[in-house]
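S.K.: I am attaching a structure below and will ask some questions about it afterwards.
The values are calculated or read from the model by the stated rules, or taken from the named source; none is laboratory data. All of these numbers come straight from a predicted model, not from anything done at the bench. Counting neighbours? That spans all protein chains shown, and the Cβs are built from the backbone with ideal geometry, glycine included. The protein model used for the area step is the full one, side chains on, heavy atoms only, and it has no ligands, DNA or RNA in it. Shrake-Rupley method; radii C 1.70, N 1.55, O 1.52, S 1.80 Å.
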Amino acid sequence: MRSPASSPLGSPAAEAVPATDVRALFPALADTAQVYLDSAATTQKPLPVIETIHRYHNSGTANPGRGTYPWATGLATRIARIREHTSSFIGAEYPDEVVFTGGATAALNAVTLSWGLTTLGDGDEILYSPTDHASNVYPWLHLRGLLAGFGRRIGLIPYRTSETGEADTEDILTKITPRTRLITASHLHHVFGGLSTLEELRGHIDPAILLCFDCSQSGGHLPIDVTTLEADFAIFAAHKMFGAPGTGILYCRRRVHDRLVPFLPGGNSGTRPHARGLLAGTMPELLEGGTPNIPGILALGSALEVLESLDVDGIAVHNRVLTVRLIDGLRSVPGVEFLPGPAYATCAVGYGIVSFTMDGITATDLGFVLSELGFLVRTGAHCTPGTAHEPDSVRVSTHIYNTLDEVDRFIACVRSVAEEVG
Ligand SMILES: Cc1ncc(COP(=O)(O)O)c(C=O)c1O
């Protein structure tokens, strides 16, 4: 049994951003007694995002890139601007490194199919974490199966997660071989809430090894710079950053572009027929076959504007303050045990995600009780395929619209349940 670091977290309440004005931006939070603590599943949508989606369907609806009339060309121009905006938002060097996908899962599958299927040879190895989200595990398992069908056997080498919920870079270093081609990691873990930058690997591994970061949980929560991360691939889910479902961002660094093939060839994918198949076009069209999720991309543009107006650094501070308060409060509740994560850190860190179990009640039952009492949290295994060693848990996740008062009421509620079951 782990023993959490004894309350090293101090009293950071003074740094908390007042959430009252911010909440007015999110209509679903108005006039409700519910306390939404499930932003890791999806974030609430701010008014400008909702209006953008409505406006697209209400006026000037067209298919960008499919017409020469102003409604279509105007949309194509807007999407090009949003690509540029997205590129600067995530710290990419060039807009053609940004691909719009159908979501984070689609983006991760694009990596395995567009890069892995043609690039990996017999005996090549990928390092991954079995505790990552299924969307960063199953595509790799699927790729291994597909390649085996072509007689190429690749190794999927698991690495460990540390007590603080981060990728264990010491373990990664011991597992790197001359056949390692790519390391994939959660930038912010969806259950443990630990941040992994893989910084410790820099200068110690062959720079030819590609790095893939699943930023689904960190996008819109923390300032992200894919260039500083030295990412070759980075994945974002728009619906977890105030945008709409069905839209994702796949960052592909230019150095990998000539190794990519279309995973969704079709209209607008820039490919041309060739005697032996298809001639690949250029990025980003190469990976964007078919009509894009137009309202989703427009909504992403509005979401980025909202995030910038709220200031992503400020959002990160706010989430840290709430997380630290949450950990400090839950630490003293009898029977609560934290899953790996910032609760075990020796300093005051936190990124808006905390998971725990409670003696005497299953996570599912606790989730039901909490929802009856107005607290909306996620329970279960949280789409993690390799958690046989971890029990189902309650995951609490915060965002800029949550308040210290909500966190305090949540802790009080958990305490009262603990007293009942204890
Ligand atoms: C870390 C992580 N990666 C990938 C995904 C998949 O995102 P989507 O379902 O939007 O494709 C999620 C969703 O919860 C996630 O938390």
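S.K.: So what is the relative contact order of the stretch 99-219, in percent, for Cα pairs below 8 Å that sit 6 or more residues apart?
M.R.: Working: 184 pairs, mean separation 30.5, N = 121.
This gives 25 percent for the stretch 99-219.
S.K.: Additional query: What trypsin sites (Lys or Arg not before Pro) does the stretch 12-114 have in DSSP loop regions with at most 11 other beta carbons within 10 Å?
M.R.: none
S.K.: Report ³J(HN,Hα) in whole Hz for each residue of the stretch 195-212, in order, from the Karplus equation J = 6.51 cos²θ - 1.76 cosθ + 1.60 where θ = phi - 60°; Gly and Pro get x.
M.R.: Residue by residue, the stretch 195-212 yields 9, 10, 9, 6, 4, 5, 7, 4, x, 10, 10, 4, x, 6, 6, 7, 10, 10 Hz.
S.K.: On a full-extension model of 0.36 nm per residue, what is the gain between T68 and T362, subtracting their alpha-carbon distance, rounded to one decimal in nm?
M.R.: Working it through step by step, the gained length comes to 100.0 nm.
S.K.: Going through the stretch 200-277, which trypsin sites (Lys or Arg not before Pro) have at most 16 other Cβ atoms within 10 Å and a DSSP loop state?
M.R.: R202, R276
S.K.: Sticking with this one: How far apart, in nanometres, would the label points at D31 and T291 be if each is projected 7 angstrom from Cα along the Cα-to-Cβ direction?
M.R.: Result for the modelled spin labels: 3.5 nm.
S.K.: Another question, then. Just to confirm, what accessible area per residue do you get for the chain at 1.4 Å probe, in whole Å²? Intermediate results must be reported in sequence, preceding the final value.
M.R.: On the way: 17220 Å² over 422 residues.
Ligands and nucleic acids excluded, the figure is 41 Å² per residue.
S.K.: If the chain between R55 and D122 were fully stretched, how many nm would it gain, using 0.36 nm times the residue separation less the Cα-Cα distance? Working shown, then result.
M.R.: Numbers: separation 67, 0.36 × 67 = 24.12 nm, distance 5.06 nm.
So the extension gain works out to 19.1 nm.
S.K.: Ignoring everything except DSSP H segments at least 4 long, calculate the 222 nm mean residue ellipticity for the chain; use -39,500 (n - 2.57) per segment, divide by total residues, nearest 500.
M.R.: Computed ellipticity for the chain at 222 nm equals -9500 deg cm²/dmol.
S.K.: Continuing with this model, one more query. Trypsin sites (Lys or Arg not before Pro) within the stretch 116-156: which are DSSP loop residues with at most 13 other Cβ atoms inside 10 Å?
M.R.: Working: sites: R144, R152, R153; in loops: R152, R153.
Loop-located and lightly packed - R153.
S.K.: I want to check the label-to-label distance for D392 and L141. Put each point 7 Å from Cα in the C-beta direction and report it in nm to one decimal.
M.R.: Inter-label distance under the simple model: 1.9 nm.
S.K.: Another question about this same structure. Could you work out the relative contact order of the stretch 189-277, using alpha carbon pairs under 8 angstrom and six or more residues apart, expressed as a whole percent?
M.R.: That works out to 20 percent.
S.K.: Could you compute the FRET efficiency for T227 and D408, with r as their C-beta to C-beta distance and R0 at 41 Å, rounded to 0.05?
M.R.: Efficiency, from the Cβ-Cβ distance: 0.55.
S.K.: A further question follows. Kyte-Doolittle mean at least -0.5 and Cα extent at least 27 Å along the axis: which DSSP H helices of the chain qualify?
M.R.: Counting only whole DSSP H runs, the qualifying helices are 70-90, 312-331.
S.K.: Considering only protein heavy atoms and a 1.4 Å probe, what is the carbon-and-sulfur percentage of the accessible area of the chain?
M.R.: Values: 9300 of 17220 Å².
Reported share for carbon and sulfur atoms: 54 percent.
S.K.: Want the number for C347 to L376: 0.36 nm per residue separation, take away the alpha-carbon distance, what's left?
M.R.: 7.6 nm
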